[in-house]
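A short write-up of the structure that comes next.
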Amino acid sequence: MKLLIAGATSAIAHETARYFAADGAELFLVGRDPEKLAAIQHDLQVRGAKRVVSYALDLNELERHEAMISEAYEALGGLDAVLIAHGTLPDQARVQHNRAETLQEFQTNALSYISLLTILAERFEQQRRGCIAVISSVAGDRGRGSNYVYGAAKGAVSLFASGLRARLSKAGVAVVTIKPGFVDTPMTAHLKKNPLYASPARVGRRIYVAMLKGEDVVYVPWFWRYIMGIIRLIPERLFKRLPL
Amino acid sequence: MIINGHGRTYQSWGRYPKVKRQNVVRIHWRGDSLDLAHINGSVLPRGLGRSYGDSCLNEDGTLLDTTPLNRFIAFDESAGLLRCEAGVTLAEILRLIVPRGWFLPTTPGTKFVTVGGAIANDVHGKNHHRAGTFGRHVTRFELLRSNGERLICSPDENADLFRATIGGLGLTGLILWAEFRVQRVAGPFIAKEQIRFSCIDEFFEISADSDERYEHTMAWVDCLATGRNLGRGLFMRGNYTRPKPIPRQTTEPRSLFTMPIQLPAFVLNLMTVRAFNSLYYHSQLPKRTFRTVPYDPFFYPLDAIHEWHRLYGAPGFLQYQFVVPYAQDRTAIKAILTEISRSGVVSFLAVLKVFGDVPSPGMLSFPRPGVTLALDFPFRGQRTLALLDRLDQIVQAHGGVVNPAKDARMSAASFQAFYPQWREFAQYIDPKFSSSFWRRVTQASHE
C-alpha cells in the first residue's frame, strides 16, 4: 500500500497511519512542522512501515500542491491511497467578527482540501483504482451558531467529496468521507470534555478499516450518524432558536 | 478546578486517598518548548495512573499527563535496544516486539503502565531473581527540568540524576523518552508449573529449588489460613517457550471483561474472601500441574478485567508491599501473617516472592535481596490504617522496608527510617516537582 497523508502530524492521521505501518505500507507524510514530522516518521518506521518519506509543507500554500503530489508519486512510485487530515478548529466567537480570519479558516479547512482533491482526482481517474479519504466533520452536517465557520468549511468538503465520489466511482476509485464527532486530540485540548469524546486511536482504527473497504460516508463513532440525523430533521424555525 | 482528560477525574489506582483539586496539562510533543516554570504551583508527571497510592497524585498542583507521548523512536534489533517516548505503554511495546521474538526485560503484573512510570517506580516482576528491576535495563533517557534544561542521563552521563530518577517517583523532572534493553526469548508462551504448598516453610523450600532453573517464580498465599495452614498457597514458576505445534492465538487476547460498576464495599468481607481463598487453594487437586500458557494470562491475569479496582467499591483499597532480608525472612513473614489473621482485616490478594541479589540502580528503589510480600487490603478506615502501622513496626524490627511506590499511608517517620538516603535523594528533586506522597512523607522535617 502506497499512501499519501496530508496533515500527518494530526493525532487522528497518526493513529490511522500506525495501522497501515503495521501492514508494511509505504508512506508519504506531509505536515508543517519538520520536527513533528520526524517524530511521526520514526514511530511509523519502528512499527513496520516499509518506507516513510517526510515532506514539510504548509498546506495553505495551494500553489505548491501540484509539486508536492508529483513528488509523492515519484518518491513512492505511485499512490494507492490518500488521506487528507489537516485542519484547524477556529474560536467561533472571535473569528465571526473578522473577515480575514474567517476566510483564512475557509482556506485551511475547505479550499486546501478542494485544491488537493482536484489534482488527485485527475491522477486517480487515470489510474482507475485507489482510495481517497478526507476528514470532514459532523459539524459540516448543519450550520450551528456556535461553530458555523468551521462547520461551513467542513460542509463544503463533505459536498465536494460527495460529488467527486459520484464522478470517480465510474473509474473504480473510492472516495471516503470521514465524519468524526468529538475527538480527544490537541485540536480540542482547550475544550471541556464530555462522555461523547472518542480517543484518536479508536477513530484511527475506524478510518483504516473504512479506507481498506472503500466505504462512502463514515461517522466515527457510529452513533453520530443518528445524532446528526435527528439534528438535520429539526426545522430551521426551531433550530435557529436552539443554543447549539 | 479539575480538568478531566476523558471526562474522568485523575485518581490513583487504589482510589485512596482521593484528591479534590488537581490540574492536568497534557504533554503532546517531546520537542515542544515546555515551559514548566510558568505553571502555577507544583507539577508531577503522570502516566496511566496505575500507582496504588498517592505517588501519582498532586493535590492542589498540576499533573503532566504524558500519555500523548506515545511514539516509538528506534528499535535496534541487532543490539536489542528499544527507544521510545515516555508515555508508550508496555502493552504497545509487547504488541510490537513479541511477534519479532523479543520480550520485555522484566514486567510488573500489569501491562497498562507507561515506560516513564516503569522507570519512576523502578518496577519489578516475577524474574527479579534473574533480571533485577526495570531500571537495570535502562541505558539512557532524556530528562526535562523546570529550568528548561534537557539532560541526557545514563550510567555515564549525569549519572547521579540517572540514579535519582530511577525509582525517583517522578520528582526529578519529566522523562521525555527512554532507551532500554529488551530480551530475545524462546517464544511468547510460558511452560508453567504450579505447586501447592501447605505452609510457609514449604514455600521457602520450593523457592530455593526453583530460582536456579526458572526465569519466573512467585506464589499466591492464602493469608486467612491460620495455625497449621499458616502461609499455605500456590507456587508458580515458568520459562519462556515456543510450543509445537504453535497454538493459533499467539497475540494478546482481547480484554474479556470491563468491571462495569463499582461493587458495594461489603461484597469483599471476611467470609467471601475466606471462601474464595479456600476454593482457590483447593481448586488445584494434584500437588503439581504443568501447562503451557500464553504470556498474557501468565503475567497479566488481572488485565483481563479492565477497571478491576472497582471490585473494592467506593472506599478503594491499599496495597502493602514489604521486603525483609533473607536471614529474617521466615520469622518476619510468619509474624506478619499471624498479625493479619489476628486483626480480622481481609487481604484479598497476597503475593510472595524471593528477590534476587541483582542490585537496583535507583537511589530510592525498593527491591533488594530478601523476601517480599505484597498484600491488597480493602480500605476500611482506621482499622486498616492501624493494622498497617503495626505491620510497619514488624517490618522495621526485622530490618525490612516498605515499598513507597505503592504506599498511601505510611508515616513520615516510617518512610525516613526505611529510606535514610531520602535526604541525599532530595538534592536531585526538581524544585518545581512535588507529589501528594512526597509532601506526606517529608512533612515532619519541613515544618
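Screening the candidates A:Ser137, A:Ser162 for the property of being at pLDDT 95 or above, under 16 Å from the mean Cα position of the chain (by Cα) and within 20 Å of A:Leu244 (Cβ to Cβ) yields one hit, A:Ser137.
One residue alone among A:Pro180, A:Pro186 is crowded, with 22+ Cβ neighbours inside 10 Å and under 24 Å from B:Trp29 (Cβ atoms), and that residue is A:Pro180.
Out of A:Ala13, A:Ala8, report the one residue that is away from chain B (no Cβ under 13 Å), small (Gly, Ala, Ser) and surrounded by 22 or more Cβ atoms within 10 Å (Cβ to Cβ).
Working: A:Ala8 fails: away from chain B (no Cβ under 13 Å).
Checking each option against the conditions leaves just A:Ala13.
Scanning segment B:69-82 turns up at least one residue that is within 10 Å of chain A (Cβ to nearest Cβ) and among the polar types (S, T, N, Q).
Checking the conditions here, which among B:Thr89, B:Thr110 is open to solvent by 10 Å² or more (accessible area, probe 1.4 Å) and within 14 Å of chain A (Cβ to nearest Cβ)?
B:Thr89
Residues in segment B:320-363 that are β-branched (Val, Ile, Thr) and not in a helix (DSSP H, G or I): B:Val323, B:Val324, B:Val345, B:Val346, B:Val351, B:Val354, B:Val358. Residues that are of a type in the set (Gly, Ala, Ser) and open to solvent by less than 20 Å² (accessible area, probe 1.4 Å) number at least 2 in the following helices (runs of 4 or more DSSP H) confined to segment B:194-306: B:200-210. For segment B:83-92, which residues satisfy the criterion of being assigned to a helix (DSSP H, G or I) and within 17 Å of B:Glu179 (Cβ to Cβ)? Answer for segment B:83-92, where residues must be assigned to a helix (DSSP H, G or I) and within 17 Å of B:Glu179 (Cβ to Cβ): B:Leu90, B:Glu92.
Inside segment B:93-145, residues that are part of a strand (DSSP E or B) and in contact with a Ser or Thr (Cβ under 9 Å, 6 or more places away or on another chain) make up a count of 6. Apart from one condition, A:Gly48 fits all of (1) within 14 Å of chain B (Cβ to nearest Cβ); (2) free of Cβ contacts under 8 Å to residues at least 24 places away in the same chain; the exception is (2). Could we say that B:Ser55 is over 18 Å from B:Arg26 (Cβ atoms), polar (S, T, N, Q), more than 14 Å from chain A (Cβ to nearest Cβ) and without any contact (Cβ under 8 Å) to a residue 24 or more places away in the chain here? Taking the combined requirement at face value, the residue does not satisfy it.
Scan segment A:121-138 and give yes if some residue there is of a type in the set (Ser, Thr, Tyr) and closer than 24 Å to A:Ile230 by Cβ, otherwise no. Yes: one or more hits.
Among residues of segment B:18-27 being charged (D, E, K, R) and under 13 Å from B:Thr62 (Cα atoms), the one that is least open to solvent (accessible area, probe 1.4 Å) is B:Arg26. Applying the condition of being touching a residue at least 60 places away in the same chain (Cβ under 8 Å) and of a type in the set (Asp, Glu) to segment B:396-447 and asking which residue is surrounded by the fewest Cβ atoms within 10 Å (Cβ to Cβ) yields B:Glu424.
Could you tell me whether B:Leu176 is assigned to a loop (DSSP other than H, G, I, E, B) and either buried (at least 23 other Cβ atoms within 10 Å of the Cβ) or in contact with a strand residue (DSSP E or B) (Cβ under 8 Å, 6 or more places away or on another chain) (or both)? The answer is no for B:Leu176.
Would you mind finding the one in B:Arg15, B:Arg95, B:Arg50, B:Arg30 that is open to solvent by 20 Å² or more (accessible area, probe 1.4 Å), within 9 Å of another protein chain (Cβ to nearest Cβ), in contact with a helix residue (DSSP H, G or I) (Cβ under 8 Å, 6 or more places away or on another chain) and touching a residue at least 40 places away in the same chain (Cβ under 8 Å)? Sole residue among the options that is open to solvent by 20 Å² or more (accessible area, probe 1.4 Å), within 9 Å of another protein chain (Cβ to nearest Cβ), in contact with a helix residue (DSSP H, G or I) (Cβ under 8 Å, 6 or more places away or on another chain) and touching a residue at least 40 places away in the same chain (Cβ under 8 Å): B:Arg30.
Can you tell me which residue within segment A:192-244, out of those that are assigned to a helix (DSSP H, G or I), open to solvent by less than 50 Å² (accessible area, probe 1.4 Å) and not aliphatic (A, V, I, L, M), is nearest to A:Glu15 (Cα to Cα)? The qualifying residue nearest to A:Glu15 (Cα to Cα) is A:Gly204. If you check A:Gly78 against the conditions, is it within 14 Å of another protein chain (Cβ to nearest Cβ), small (Gly, Ala, Ser) and either part of a loop (DSSP other than H, G, I, E, B) or farther than 21 Å from B:Gly31 by Cβ (or both)? Criteria not met by A:Gly78.
Here A:Phe106 clears all of (1) aromatic (Phe, Trp, Tyr); (2) open to solvent by less than 30 Å² (accessible area, probe 1.4 Å); (3) more than 23 Å from A:Gly214 (Cα to Cα) except the condition numbered (2). Residues that are of a type in the set (Ser, Thr, Tyr) and without any contact (Cβ under 8 Å) to a residue 60 or more places away in the chain within segment A:171-199 comprise A:Thr177, A:Tyr197, A:Ser199, listed in sequence order.
Taken residue by residue, segment A:166-183 has at least one member that is hydrophobic (A, V, I, L, M, F, W, C), within 14 Å of chain B (Cβ to nearest Cβ) and under 19 Å from A:Gly151 (Cβ atoms). So which residues in segment A:122-139 are under 16 Å from A:Asp216 (Cα atoms) and free of Cβ contacts under 8 Å to residues at least 60 places away in the same chain, if there are any at all? A:Arg129, A:Gly130, A:Ile132, A:Val134, A:Ser136, A:Ser137, listed by residue number. A:Ala38 - would you say it is modelled with pLDDT of 95 or more, crowded, with 21+ Cβ neighbours inside 10 Å and either part of a loop (DSSP other than H, G, I, E, B) or touching a strand residue (DSSP E or B) at 6+ places or on another chain (Cβ under 9 Å) (or both)? Considered against the rule, which asks whether it is modelled with pLDDT of 95 or more, crowded, with 21+ Cβ neighbours inside 10 Å and either part of a loop (DSSP other than H, G, I, E, B) or touching a strand residue (DSSP E or B) at 6+ places or on another chain (Cβ under 9 Å) (or both), A:Ala38 comes out as no. State all residues of segment A:86-105 that are among the β-branched types (Val, Ile, Thr), under 17 Å from A:Thr188 (Cβ atoms) and assigned to a helix (DSSP H, G or I); if no residue qualifies, say none. Of everything in segment A:86-105, just one residue is among the β-branched types (Val, Ile, Thr), under 17 Å from A:Thr188 (Cβ atoms) and assigned to a helix (DSSP H, G or I), namely A:Val95.
The values are calculated or read from the model by the stated rules, or taken from the named source; none is laboratory data. Source: prediction; values computed, not measured. Counting neighbours? That spans all protein chains shown, and the Cβs are built from the backbone with ideal geometry, glycine included. Accessible surface areas use protein heavy atoms only, side chains included; no ligands, DNA or RNA. Shrake-Rupley method; radii C 1.70, N 1.55, O 1.52, S 1.80 Å.
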